[in-house]
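S.K.: Dumping the structure here so I can ask a few things about it.
Here, each number is a calculation from the coordinates, and none is a lab measurement. Everything numeric in this text was worked out from a predicted model, so none of it was measured. As a convention, Cβ positions derive from the backbone with ideal geometry for all residues, glycine included, and neighbour counts pool all protein chains shown.
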Amino acid sequence: MGGHAGGPPPEMYWKRVLPNSPMPKAVKDSLQFATGATVNQGNNGLEIITGKPGRKTQITAGKGVATVRKDPRGKPVFVVVQPGYKSSFIYNYAANETQLHDNPNTAFFFLEKDLTPGTKINFHLAKSDNRAIFLPRVVSDSMPFSSEKLPEILKELSVRPGSGEAKSIEQTIRECEAKGVAGEEKYCATSLESMVDFAVSKLGRNVEAVSTDVEKETRVGKYTVSGERKMAGGDEVVICHKQNYAYAVFYCHHTKSSVAYAVTLMGADETEVPVMAVCHADTSTWNPRHVAFQVLKITPGTLPVCHFLPEDHIVWVAK
């Protein structure tokens, strides 16, 4: 039969649990091709067909088998990153010199004092090409997600071992399994429902989820801070970063001694860029070789470290 099996579709779950919280762009983008999906429950298991005609991604899970494939005219299912690259937003990550210079996220880090209106700041925001979509939780929960089951995962996703896609999958899983820094609660959400549940479990149901929303990629260069507003929620936030995977996976971490800001930057052409930022007051447990310390020329536990959020990341705060 057609329809959404095993519960309401992800967007309906959001509306039910968070009726007073608008859905941010980063979530909408990860639902864009899932909304209106056809879900069939039959003898061969669960079949989900998502996407627009001619740009279709089909995911089939049943009898222990799942495959992900794309229409040749569509966008790639996987976003492959430089081998060995790790997310700059994971605070136990240490950057080497090559990654430091090649990583565009280095322009995302700054000091809290730089939020003063009139301050010039380096900034570059690239448009995300990560088009991975959320699967309904009933499907994502049925799929293996651990390094111990990597061969099984690659087989079920029809991914060749040793390929760029395989390395990307392995890296995401290992980052999700790695121990977080002291004082941080981390969780990898493999569905929208599980991400909502994690945020609510830490901040309560009266929450606001926001993300950076820009229409086009910004130019590399100096921008002027023209406005900033500290978000509600005090010094406690949940931040979720979209990972590289066959379907939408968000690396979420709950941190205290952190505040979120809505910032407006102005380019040389006087174009205004609204962007979200988070500042961390306590960095004493971060890796001393983290890219932020190398960029800002400071040491752990000294000054608050801030970073802008790419458009596919989400920050949650209590209202």
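S.K.: Are there trypsin sites (Lys or Arg not before Pro) in the range 117-182 that DSSP puts in a loop and that have at most 14 other Cβ atoms within 10 Å, and which ones?
M.R.: Hits after loop and neighbour filter: Lys127, Lys179.
S.K.: Another question, if that's okay. With θ set to phi - 60°, apply the Karplus curve 6.51 cos²θ - 1.76 cosθ + 1.60 along the range 229-246 and write out the HN-Hα couplings as whole Hz, x wherever there is a Gly or Pro.
M.R.: Residue by residue, the range 229-246 yields 9, 6, 6, 5, x, x, 10, 9, 9, 10, 10, 10, 10, 6, 9, 8, 7, 5 Hz.
S.K.: Based on C-alpha coordinates, I'd like the Rg and Dmax of the range 166-319, in Å.
M.R.: Computed over the Cα atoms of the range 166-319, radius of gyration and Dmax are 16.0, 44 Å.
S.K.: Pairs Lys28/Lys242; Lys120/Lys297; Lys25/Lys242; Lys25/Lys120; Lys28/Lys256; Lys230/Lys256: which exceed 20 Å Cα-Cα?
M.R.: Long pairs (Cα-Cα over 20 Å): Lys25/Lys120; Lys28/Lys256.
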